[in-house]
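The structure appears below as structure tokens.
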């Protein structure tokens with residue numbers, strides 16, 4: 001019997017899910033407020049399926065640090081203890097920070113170590129340890145956890161469930177990645193390279209295998225579809241929605257129109273239902289792909305009609321003016337306050353962990369994008385009850401490279417939003433916090449000259 005790795009996620013004010021890759025007949029989760037796991041709360045003993053046990057514990061205290069370990073066949077493994085924090089009380093104002101990032105394994109600076117299938121398509125970059133040391137409440141992982149492009153035949157020959165399982169095993173064979181996912185509750189959705197081939201869509205040959213292995217390996221909130229992985233959760237009074245932009249996607253080169261979709265009808269109906277029924281005060285939406293960028297047809301700009309439908313949905317359901325988008329995909333840190341983005345919604349790009357930097361993009365109203373590796377973001381949401389201040393900060397390693405803050409007035413919960421005029425005034429007041437230092441602006445200029453050359 002042995003424990004290969006654990007992945008913690010789907011946390012709430014009272015519960016947690018840990019997926020444990022192991023060999024053994026039964027497994028049980030021990031959870032305690034003490035680092036030595038004294039007086040633990042224990043899950044039911046379960047038998048692993050396909051080498052993975054899904055371990056659940058509830059009845060925990062809100063806003064509390066916990067430690068955990070896995071018992072296998074009656075013996076507690078103390079060599080790889082993990083940690084997490086439960087969410088603040090649901091529906092109450094709270095001040096918390098989540099991390100966000102994506103993309104590790106395209107021409108990595110720190111290729112995969114150990115006996116892995118394609119070392120040059122996974123990463124063991126120090127950024128994973130950097131994020132772990134920040135100790136956010138949660139990590140929003142927006143895809144491209146590896147770059148195996150399963151189904152293309154370029155890096156791995158097959159697109160069956162064993163290939164997808166092997167890809168996750170290779171990711172967790174990287175010590176820094178494994179440490180991050182063990183110690184920071186992670187909500188992960190795929191993008192193209194970890195779902196199928198580059199720019200993959202609903203025709204990807206491994207589509208159903210990807211869906212099966214996601215459910216086996218990834219700790220996740222409730223899923224409403226047999227294939228798609230879209231889901232939502234709420235922290236305090238902030239609603240988070242993670243979209244699936246691959247499972248039912250039309251091919252990128254289809255002409256734009258009413259039948260072209262990135263989400264599919266079922267996901268859009270689900271999204272409308274979530275937005276109609278939620279009494280949260282603020283929305284963080286993860287659209288995965290770039291919200292506006294005409295330099296590639298693998299962005300929302302090639303699905304402009306459906307994007308307009310979403311904007312109309314946000315507006316009609318009262319979310320306009322009290323939401324933001326958090327995006328990966330672009331291998332850069334970039335921010336738009338809503339001045340240029342469709343729907344006038346603030347957009348924050350945080351990437352890449354370890355992939356070849358993108359070229360500089362200049363269509364963001366808070367300055368050009370900052371391409372690079374070792375990059376991620378922290379999103380702080382400070383809800384005082386009367387207003388919510390959102391502070392987005394991009395980092396490269398330990399260095400802060402870009403930041404923007406804005407405040408939204410909220411009156412209790414429900415569909416109350418700040419008028420556009422008030423939002424403009426608040427953006428003007430926070431402009432100084434968005435403006436990088438002279439040293440950072442100089443580095444941005446040099447970086448722009450380099451990456452556009």
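No value in this document is a laboratory result; all are computed from the given coordinates. Bear in mind that the values here come from a model prediction, so they are computed numbers and not experimental data. Neighbour counts run over all protein chains shown; Cβ positions are idealised from the backbone, glycine included.
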Revision key, fill the gap. So for the range 130-279, using the alpha carbon gyration tensor with a ≥ b ≥ c as root eigenvalues (a/c under 1.5 gives rounded; past that, a/b versus b/c decides prolate or oblate), I'd call it oblate
Check your understanding: Would you list 402, 19, 268 from fewest to most Cβ contacts within 10 Å?
Key -> 268, 19, 402
Check your understanding: Among rounded, prolate and oblate, which fits the range 2-84 when a ≥ b ≥ c are the square roots of the eigenvalues of its C-alpha gyration tensor, a/c under 1.5 means rounded, and a/b larger than b/c means prolate?
Key -> prolate
Check your understanding: Taking Cα atoms of the range 153-202, Rg/Rh with Kirkwood Rh, to two decimals?
Key -> 1.01
Revision key, fill the gap. Quick note, the range 209-352: a/c under 1.5 would make it rounded; otherwise a/b > b/c is prolate and the rest oblate (a ≥ b ≥ c, C-alpha gyration tensor); here it is rounded
Review point. Using Cα pairs under 8 angstrom and six or more residues apart, how large is the relative contact order of the chain, in percent?
Key: 13
**Study point:** Residues 189, 46 arranged by fewest to most Cβ contacts within 10 Å
**Key:** 46, 189
**Study point:** Convex hull of Cα atoms in the range 3-140, direction-averaged projection (nm²)
**Key:** 9.6
Point to revise | For the range 361-379 and the range 1-37, distance of Cα centres in Å | key: 35
Exercise for review: Return the Cα extents of the range 219-299 along principal axes one, two and three, sorted largest first, each rounded to a whole Å.
Suggested key: 40, 28, 26
Exercise for review: Only helical DSSP H runs with n ≥ 4 go in: add -39500 (n - 2.57) per run for the chain, normalise by residue count and round the 222 nm mean residue ellipticity to 500 deg cm²/dmol.
Suggested key: -6000 deg cm²/dmol
Practice item. Give, in nm to one decimal, the length gained when the segment between residue 226 and residue 58 is fully stretched (0.36 nm per residue of separation minus the Cα-Cα distance). Key: 58.0 nm
Point to revise | Mean separation of Cα contacts under 8 Å (6+ apart) over length of the range 1-91, as relative contact order % | key: 32
Exercise for review: Return, for the Cα atoms of the range 233-278, the radius of gyration and Dmax in Å, separated by a comma.
Suggested key: 13.1, 41
Exercise for review: Could you please rank 294, 232, placing first whichever residue has the fewest other Cβ atoms within 10 Å of its Cβ?
Suggested key: 294, 232
